[in-house]
Amino acid sequence: MNIPLNIDWQQILLHWMNLAILAGGLYFLLYKPVKDFMARREAHYQELEEEARARLRQADELKEQYQAQLDGAEEEIAQSRSKAQQDLQKSVQEQLDQAQRQAAQIVSKAREEAEYSRERTRKESQRELRELATAAARKLVFQPDADPFDQFLNLAEGGGADESR
């Protein structure tokens, strides 16, 4: 077979078969394992990303729960503070009422003691006046020659200590 331009179809066919075998061998030896490796790697990173998103959602849920608990705790603190202030005001009012009652009792007792003291002083001064009047009358009665007014003045100046008779 004589081919113009010196082309040997048998050689071309052998080269095409060598190329097909080489391409098939490279496909099974290099391309397919690399493609499988890349698919596994992509799946692995996809799983990591999904896990990260799930953890992030879980962290957000926990954050919301803790925030709700914190808000509840703040409300409880406010209620406790309010109750403590009310208890303090009640206690202060009770102490104030008790102090006012005690003050009223002290004032009442002081008035009674003052009244008693005034009454006792009045009775004592009346008794002393009676004694002075009795002593002056005795002196006047027993000293007829002296002037009664002078005797009274002497008696007043001496305080009744001149009872020698």
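The values are calculated or read from the model by the stated rules, or taken from the named source; none is laboratory data. All of these numbers come straight from a predicted model, not from anything done at the bench. Cβ sites come from the backbone with ideal geometry, for glycine too, and all protein chains shown count toward neighbours. These accessible areas exclude ligands, DNA and RNA; they are computed on the full protein's heavy atoms, side chains included. Shrake-Rupley method; radii C 1.70, N 1.55, O 1.52, S 1.80 Å.
Across region 16-70, the fraction of Cα-Cα pairs farther apart than 18 Å, rounded to a whole number, is 62%.
Span-like helix check, the chain: qualifying full DSSP H segments, with Cα axial length of 20 Å or more and mean Kyte-Doolittle of 0.5 or more, are 9-26. Our estimate of slack between Arg40 and Glu76, defined as 0.36 nm per intervening residue step minus the Cα-Cα distance, is 7.7 nm. Think of it as helices only: each DSSP H run of n ≥ 4 in the chain is worth -39500 (n - 2.57), and spread over all residues that comes to -31500 deg cm²/dmol at 222 nm.
Atom-type composition of the exposed protein surface of region 21-142 places 56 percent of the accessible area on carbon and sulfur (1.4 angstrom probe).
Over the chain, with the other protein chains present, what is the accessible area per residue in square angstrom, probe 1.4 angstrom? The partial results should precede the final answer.
Details: 15330 Å² over 165 residues.
So the chain comes to 93 Å² accessible per residue, rounded to a whole number.
Restricting the calculation to Cα atoms, the chain shows an Rg/Rh of 2.10 when the hydrodynamic-style radius is the Kirkwood one. Computed from the C-alpha gyration tensor, the three semi-axes of the ellipsoid equivalent to region 68-139 are 68, 5, 4 Å, from longest to shortest. What residue among Leu29, Ala52, Ala68 has its Cα farthest toward the positive end of the dipole of region 1-129, where the charges are +1 on Lys, Arg and -1 on Asp, Glu, each on the Cβ? It is Ala68, whose Cα lies furthest towards the positive end.
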